[in-house]
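What follows is a single structure, written as structure tokens, with notes after it.
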């Protein structure tokens, strides 16, 4: 690629990061919330080749923020994976998706 500072023969690495807010209604304990979040994380890890973790609001019973990271050499692949992850989360039914942010660098 012309104009890059990448050494000759070095692989191109693109990192995609997605954060998603989860809103849960009718949850009365952190144990219930953690069960939902851990279940979601486990299913997403097994279905997609991603890294995912709960990254904010761990002590809030009805709100969570999860972050997903994908490394690839193809931006389109990252975008397709993020679309599939978001679709999977929307179909879950145990929570509502709030704000979603995506970034590729």
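The table below gives the values:
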quantity: Residue count, segment 60-91 (criterion: closer than 25 Å to residue 33 by Cα, touching a strand residue (DSSP E or B) at 6+ places or on another chain (Cβ under 9 Å) and not in a strand (DSSP E or B)); calculated: 6
quantity: Restricting segment 80-94 to residues that are surrounded by 14 or more Cβ atoms within 10 Å (Cβ to Cβ) and over 12 Å from the mean Cα position of the chain (by Cα), the residue that is farthest from residue 13 (Cα to Cα); calculated: 94
quantity: Count of residues meeting criterion [assigned to a strand (DSSP E or B) and either at pLDDT below 95 or over 25 Å from residue 105 (Cα atoms) (or both)] in segment 19-55; calculated: 1
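The values are calculated or read from the model by the stated rules, or taken from the named source; none is laboratory data. The structure displayed is predicted, hence computed values, not measured ones. Don't worry about glycine lacking a Cβ; one is built from the backbone with ideal geometry, like all the others, and counts go over all protein chains shown.
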